[in-house]
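The structure appears right after this line, and notes come after that.
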């Protein structure tokens, strides 16, 4: 596909703004195949969710990926500080203070956040047209491990 004439991404990725996280490299995809949105802590903020709605509703994307990563500074900051508002207050920590558990839990909780913030995405997920998955990229190896996915009924 000629990138100048449009895009038809196969997946929308919500990734952390960390400079070490590059979904095109991790998933071995050329430009134009991934609709990537980045924000510290891979939080599905209202703006990020609206961007994903565009990918689903206008570009035909059928897969949404919430992509956490090892050694996440945003999750570390949330673990070490008590944020009462703002972006870092939205990071979903695990019941235990283990960094890896918190990173995985935060990515997994991103699924529920997307569904809660977007009736449109919730509808297409319930109909089976779109699936949401969450996982964690290991910064050292580049491998992506799935931690959760929506259940298609």
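Say whether the condition of being surrounded by 15 or more Cβ atoms within 10 Å (Cβ to Cβ), in contact (Cβ under 8 Å) with a residue 40 or more places away in the chain and in contact with a strand residue (DSSP E or B) (Cβ under 7 Å, 6 or more places away or on another chain) is met by at least one residue in the range 88-106.
yes
Of the residues that make up the range 102-119, is at least one in a strand (DSSP E or B), modelled with pLDDT of 95 or more and closer than 20 Å to residue 39 by Cα?
no
Can you find even one residue in the range 126-133 that is surrounded by 12 or more Cβ atoms within 10 Å (Cβ to Cβ), outside any strand (DSSP E or B) and in contact with a strand residue (DSSP E or B) (Cβ under 7 Å, 6 or more places away or on another chain)?
So far as the range 126-133 goes, yes, one or more of its residues are surrounded by 12 or more Cβ atoms within 10 Å (Cβ to Cβ), outside any strand (DSSP E or B) and in contact with a strand residue (DSSP E or B) (Cβ under 7 Å, 6 or more places away or on another chain).
Take the range 58-87 and flag every residue that is at pLDDT 95 or above and loosely packed, with under 14 Cβ neighbours inside 10 Å.
The answer is 58, 60, 73.
Considering the range 17-42 alone, what residues qualify as being out of contact with any strand residue (DSSP E or B) (no Cβ under 8 Å at 6 or more places or on another chain), surrounded by 13 or more Cβ atoms within 10 Å (Cβ to Cβ) and in contact (Cβ under 8 Å) with a residue 60 or more places away in the chain?
Selection gives 41 alone.
The values are calculated or read from the model by the stated rules, or taken from the named source; none is laboratory data. In this text, all values refer to a predicted model and were calculated from it rather than measured experimentally. So basically every Cβ, Gly included, is an ideal-geometry build from the backbone, and we count neighbours across all protein chains shown.
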